[in-house]
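What follows is a set of notes on a single structure, which appears directly below.
The values are calculated or read from the model by the stated rules, or taken from the named source; none is laboratory data. Remember, predicted model here, so these are calculated numbers, not experimental data. Backbone-built Cβ (ideal geometry, glycine too); neighbour counts: all protein chains shown. Ligands, DNA and RNA are stripped out before the accessible areas are found, and what is left, the full protein with its side chains, is counted by its heavy atoms. Shrake-Rupley method; radii C 1.70, N 1.55, O 1.52, S 1.80 Å.
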Amino acid sequence: MSHNTHGHLFRVTTWGESHGPAIGCVVDGCPPGIPLSEADIQPFLDRRRPGQSRFTTQRQEADLVRILSGVFEGLTTGTPIALLIENTDQRSKDYAEIAERFRPGHADLTYHLKYGVRDHRGGGRSSARETAMRVAAGAIARKVLGSGVIIRGALVAMGGDWVSREAWDWAETDRNPFFCPDAAAAARWEARLAAARKAGSSLGAVIEVVAEGVPPGLGAPIYGKLDADLAAAFMGINAVKGVEIGEGFAAAGLSGEENADEMRMDPDGRVRFLSNRAGGILGGISTGQPIVARFAVKPTSSILSPRRSVDRHGQETEVVTKGRHDPCVGIRAVPVGEAMMALVLADHLLRHRAQCPDAPAIARLPRN
């Protein structure tokens, strides 16, 4: 009943709080014989690490990962892989004023009502600090998937301002602090987010994650649908309030003719889709097309404007959230979204291999 574990065959259990001595995870079910070192994990953590620009929290954490078990002479052994990251820049005093009060828009009240006790320092277990371990575990999941599966994420909207699909450039996501694929949009966001930060406010965002090279057959009917598991994984990210696969909600405005992804045959027997409105998943099973998903991240409620609330004694009060916070938590959610995509796909790949070991790696049909 702990609900701190993700996955079935590729299982990840995370532990730790925002202002505790460390955070960590245990990855169980990783196949043996896969080359793995801290150097394979650290680059992904560096992309998520706080304090890298003025548009993220200024908390300075190196997020240096240590592998404690499950790897011998550079190879995974098939036993549980334990990962550890020490917390080095906690400022618990920043949260002293909310020890007795519940911040609107946060999990303070619900944690208190459920458990009768809560760690008010940075939100404790509900803090996005925990997502660092998902990113670390996601790096291992990428190794399980292999180099043929490419997972990339991008911030596609901030504060209701969307990128231009015509200007999309994946390389641009590495050239600006927003993981934005549109240079013009990134320039607009910089000015807008700077103003929000100066005002002590925040903005929401939408992240798109694309996985290419995914083989067909991942997922299962009815209760093991790939898109359902992806939706649950993305919704499990802090501050996420909505998920869509492929066309998502926009599909409700299309006709049946527009929405159906037509198919043709290539000379080599491969099935070729003429569009990808389904986001690479049909009937809960991957088609071999790119998996496309988006999730919406709310504006953080950690703002300087006084908000009406109550305290643990049932008294009405006001709350001003102090401390170091992201004016747009969606920015650092991009590598977290990539990690969750990797974790779900790795789990489903192992499940697929277990049930259908002779299934084809590409969508190919025999020709008469």
Worksheet item: So which lysines can residue 241 reach, going by Cα to Cα under 28 Å and dropping same-chain residues fewer than 8 places off?
Response: 114, 198, 225, 298, 322
Practice prompt. Using only Cα atoms, tell me the angle between helix 183-198 and the longest principal axis of the chain; keep it within 0 to 90° and round to the nearest 10.
Written response: 20 degrees
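Going by average Cβ density within 10 Å per residue, which order do the peptides 307-317, 196-206 take, highest to lowest? Provide the component values of the computation, followed by the final result.
Values: 307-317: 11.9, 196-206: 18.8.
Averaged packing, sorted descending, gives the order 196-206, 307-317.
Test of understanding: what is the full-extension gain from residue 72 to residue 199, defined as 0.36 nm times their sequence separation minus their Cα-Cα distance? If you can, show how the numbers build up before the last one.
Details: separation 127, 0.36 × 127 = 45.72 nm, distance 5.10 nm.
Stretched fully, the residue 72-residue 199 segment lengthens by 40.6 nm.
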Worksheet entry | Residue (of 68, 116, 285) at the positive-pole extreme of the chain, dipole from beta-carbon charges | 116
Worksheet item: For the range 303-368, what relative contact order do you get, as a whole percent, if you take Cα pairs closer than 8 Å and at least 6 residues apart?
Response: 17 percent
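Which value in deg cm²/dmol, rounded to the nearest 500, describes the helix-derived mean residue ellipticity at 222 nm for the chain, given -39,500 (n - 2.57) per DSSP H run of n ≥ 4 and division by the residue count? List each step's numbers first, then the result.
Numbers: 7 runs with 87 residues, N = 368.
My calculation for the chain gives -7500 deg cm²/dmol from helical runs alone.
Given a 1.4 angstrom probe, what's the average accessible area per residue across the chain, in square angstrom? Provide the component values of the computation, followed by the final result.
Working: 17620 Å² over 368 residues.
It amounts to 48 Å² per residue over the chain.
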Worksheet item: What distance in nm separates the simple spin-label points at residue 39 and residue 88, each placed 7 Å from Cα in the Cβ direction?
Response: 2.0 nm
Discussion item. For the chain, take the longest principal axis of its alpha carbons; what is the angle in degrees between that and the long axis of helix 333-355, to the nearest 10 within 0 to 90?
Written reply: 40 degrees
Item to complete: Extending each Cα 7 Å along its Cβ direction at residue 100 and residue 271, get the distance between those two points in nm, one decimal.
Response: 6.3 nm
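Sort 116-129, 35-48 by the packing proxy (mean of other Cβ within 10 Å over each peptide's residues), most packed first. Kindly include the intermediate steps, with their values, before the conclusion.
Values: 116-129: 19.4, 35-48: 16.9.
So the order, starting with the most tightly packed, is 116-129, 35-48.
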Item to complete: Can you pull the one-decimal nm distance between simple spin-label points at residue 62 and residue 250, each 7 Å off the Cα toward Cβ?
Response: 4.4 nm
Worksheet, complete the sentence: Computed over the chain: longest principal axis from alpha-carbon atoms vs helix 131-145 long axis, angle to nearest 10 degrees, is 10 degrees
Discussion item. Less than 18 Å from a label point 7 Å out along the Cα-to-Cβ axis of residue 166: which backbone N atoms in the range 225-259 qualify, by residue?
Written reply: none
